[in-house]
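Just below is one structure, and these are the notes that go with it.
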Amino acid sequence: MTNEEISRILESVKNQEINTNEALSLLKDFSFQELEYAKIDHHRELRTGYPEIIYCSGKTTEQVKGIISAMLEKDVDIMATRASEALFEAVKELHPELIYFNKARIISLRKRKPVFPDTSICIMTAGTSDIPVAEEAAVTAELLGNKTERIFDVGVAGIHRLMNKLDIIKKSRVVIVVAGMEGALASIIGGLIDKPIIAVPTSVGYGANFGGVSALLAMLTSCAGGVSVVNIDNGFGAGYYASMINKL
């Protein structure tokens with residue numbers, strides 16, 4: 001529930017368009033709504049600017065369906081991450097406008113028209129294998145109301161591929177760099193531009209990559225200033241954080 005929605009309810013009571021009992025009914029689950037297996041935080045958008053986002057991994061299909069159903073009653077945008085195509089097939093009956101982003105593994109329903117800032121977010125990958133995590137970041141940023149630019153497969157094994165994209169990168173407000181293996185691309189970008197960089201280590205790589213730990217440590221110990229780091233494969237966290245920066 002947003003400030004605008006609460007204001008409309010209060011104005012309706014003031015103008016005697018609804019009575020206090022009707023207003024209480026509308027505000028009944030204002031703080032959170034308790035299901036048997038979840039407490040849906042309807043207050044989150046008022047506090048943070050974004051509604052609660054559903055993390056599907058580890059939840060049963062019925063639990064995800066129940067959470068989406070409850071949120072649909074509140075007329076909020078729906079975003080569910082780490083969702084399989086099979087899960088989407090099971091929940092799409094809940095609303096005809098639910099859509100699925102296959103590469104990003106995100107289920108979405110947009111009920112409100114977002115206000116896009118003039119600035120954009122650039123999402124880059126070192127390799128093609130990093131694209132699924134980058135797509136999670138890009139789609140997250142777009143659903144939260146941002147313009148994006150994608151630049152894929154420009155890692156250090158062929159760094160010359162990066163040079164003709166620098167103008168696009170420099171025009172962005174914030175840059176997300178997604179890289180596995182040794183995770184060096186974030187440091188290189190940090191030495192070339194004056195924009196904040198969000199580094200996303202991925203689990204892509206051979207054995208000594210340790211499932212993304214090598215890239216994570218390399219990014220954390222970057223000698224380039226202005227590089228922040230999210231968790232391994234956390235495209236969602238990068239897209240969300242980039243959106244906050246882009247909308248400051």
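All of the numbers you see were taken from the coordinates with simple rules; none came from a lab. In this text, all values refer to a predicted model and were calculated from it rather than measured experimentally. For neighbour counting, all protein chains shown are included, and Cβ atoms are generated from backbone atoms with ideal geometry for every residue, glycine included.
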Helix axis angle, 3-14 relative to the chain longest principal axis, alpha carbon, degrees: 10
At 1.567 mPa s and 4 °C, Stokes D of the range 56-100 from Kirkwood alpha-carbon radius, µm² per second: 122
Net dipole in debye of the range 120-246 [+1 Lys, Arg Cβ; -1 Asp, Glu Cβ; about Cα centre; nearest 20]: 360
Convex hull volume of the range 120-246 per residue (C-alpha atoms, cubic angstrom): 80
Relative packing of 199-211, 104-116, 88-100, which averages over residues the other C-beta atoms within 10 Å, highest first: 199-211, 104-116, 88-100
For the range 123-196: Kirkwood Rh in Å [reciprocal of mean 1/r, alpha carbons]: 12.4
Principal axis box of the chain, alpha-carbon based, largest edge first, Å: 66, 36, 30
